[in-house]
Amino acid sequence: MFSPQQDVELGKRAALDAARQLPGCNAPKVDAYLTQLGLCLASKLPTGSVQYPFEFHCVNDKAINAFALPGGYVFINRGAIEASDNEGQLAAVMAHELSHVALRHGTNQVTKAQWAQGFLGIASGVFGGSTGGTLLTELGAFAAGGVLLRYSRTAESQADVMGTQVLYDSGYDPRAMAQFFEKLEAETKGKNPPEFLSDHPNPEHRVERALPVVKKPAPGAPEAAAAPALPSGDFAEYQANSYNVKYPDNWKKYPDSNGGGVSFAPEGGILDDGSGHAALAYGLIVSVTPIQGNASDSNALENGTRQVLQDLQKANPNMKIQRQGERVRLNGQPGVSTYLTNDSPAGGLETDWVITVLRPEGSYDKTFSSILDSVRFKK
Ligand SMILES: [Zn+2]
């Protein structure tokens, strides 16, 4: 009975009431963080062609809960943030709530209950309305009275399944959803369950239900939402001036315009970093970097590696070194292996594996030698 546009209209009115009546966190940084994370997740949410005006608000309430109003207005309790062990678990809760929005459970329920005629009255009653009847200071009362927020088990399963897919497509461990609910259950054994649990039944079955769907397309998911295909086991060869390298034959090559370097990536592996620049989310970069110092010094490789990593961290402020300085060999030559984490342009964290190797006779020398060889003095 409702169009997506009506979802937005109804949700917007309810969200204004909710924002007025629920205690805010008064922490612009937290709201900005939730918005950034939420929009990342929302970009992987299958909404058909519907554009929702997603909003994310922190609620200063220690109860572990979150809810989403029709149209994409998401409220996350401080308690849900504090109960998360890592970003993936918080993302899981948000992905679940966003899925209720995409699946349009809020207004679908109303449609089924044939409460359409009274819906506006119910909505303004639940959220206090502009006449200012009820003052809801506690989310418990808010959720308990919320016609919009109480979903069937089927609806909860659907939100788990879609949310898990969104989580996976956003680069998070899809098990984070189940982990969060398991942890929640363990922590609240014997106590009154937090609102989120009473709203969201059967946490112990979430793992089995949600995991098998990962990697299959979510119902109605646009192709763009899918992570790239896995690397092929067959390889193509790339020949640069000073090295040859093989790469999965379902990847494309992107040689640097200034020579020496090349990137390889699967379809969908290169994304907009949010500021209009192409960024590699999945793939491989070969790069030739001139370094300071004497190449014949005994610590030249370590010195050069440090310079490369410093340059990388300068360009990527959130890049962190996870495992440093392991000796490896690359085609018989000494190299250094470093593991890094960084913000992924696909959302969440990415892992970067960097191998550095000293090439004193690199492509620049070779090119320079060719140029020198080409010099002919005129009489
Ligand atoms: Zn739910």
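The values are calculated or read from the model by the stated rules, or taken from the named source; none is laboratory data. None of these values were measured; they are calculated from a predicted model. We place every Cβ from the backbone using ideal geometry, glycine too, and count neighbours over all the protein chains shown. Protein only, heavy atoms only, side chains kept; ligands, DNA and RNA dropped before computing areas. Shrake-Rupley method; radii C 1.70, N 1.55, O 1.52, S 1.80 Å.
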- prompt: Does region 36-49 hold any residues that are buried (at least 18 other Cβ atoms within 10 Å of the Cβ) and assigned to a helix (DSSP H, G or I), and which are they?
  reply: Leu37, Gly38, Cys40, Leu41, Ala42
message: Being on the phi < 0 side of the Ramachandran plot and either in contact (Cβ under 8 Å) with a residue 60 or more places away in the chain or buried (at least 18 other Cβ atoms within 10 Å of the Cβ) (or both) is the filter here; which residues of region 249-272 pass it?
response: Trp251, Val262, Ser263, Phe264, Ala265, Pro266, Gly269, Ile270, Leu271, Asp272
message: For region 282-299, which positions are open to solvent by less than 70 Å² (accessible area, probe 1.4 Å) and touching a Gly at 6+ places or on another chain (Cβ under 6 Å)?
response: Gly283, Val286, Val288, Ile291
message: I need the full set of residues from region 58-100 which are free of Cβ contacts under 8 Å to residues at least 60 places away in the same chain and within 12 Å of the ligand (Cβ to nearest atom), in order please.
response: Ala68, Val74, His100
message: Based on this model, can you work out whether Thr305 counts as modelled with pLDDT of 80 or more, among the hydroxyl-bearing types (Ser, Thr, Tyr) and under 29 Å from Asn244 (Cβ atoms)?
response: yes
task: Go through region 244-287 and count every residue that is at pLDDT below 80 and more than 30 Å from the chain's Cα centre (by Cα).
output: 4
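Per-residue answers, yes or no, for (1) away from the ligand (no atom under 16 Å from the Cβ); (2) modelled with pLDDT under 50; (3) of a type outside the set (D, E, K, R):
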{"position": "Tyr168", "(1), (2), (3)": "yes, no, yes"}
{"position": "Lys183", "(1), (2), (3)": "yes, no, no"}
{"position": "Ala186", "(1), (2), (3)": "yes, no, yes"}
{"position": "Lys189", "(1), (2), (3)": "yes, no, no"}
{"position": "Phe196", "(1), (2), (3)": "no, no, yes"}
{"position": "Leu230", "(1), (2), (3)": "yes, no, yes"}
{"position": "Glu237", "(1), (2), (3)": "yes, no, no"}
Number of the condition not met by Ala68 [criteria: (1) modelled with pLDDT under 90; (2) outside any strand (DSSP E or B); (3) out of contact with any Leu (no Cβ under 6 Å at 6 or more places or on another chain); (4) not polar (S, T, N, Q)]: (2)
- prompt: Tell me, which residue of region 308-341 that is aliphatic (A, V, I, L, M) and in contact with a Lys or Arg (Cβ under 8 Å, 6 or more places away or on another chain) is modelled with the highest pLDDT?
  reply: Val336
task: Kindly establish whether Tyr52 is part of a helix (DSSP H, G or I) and away from the ligand (no atom under 15 Å from the Cβ).
output: no
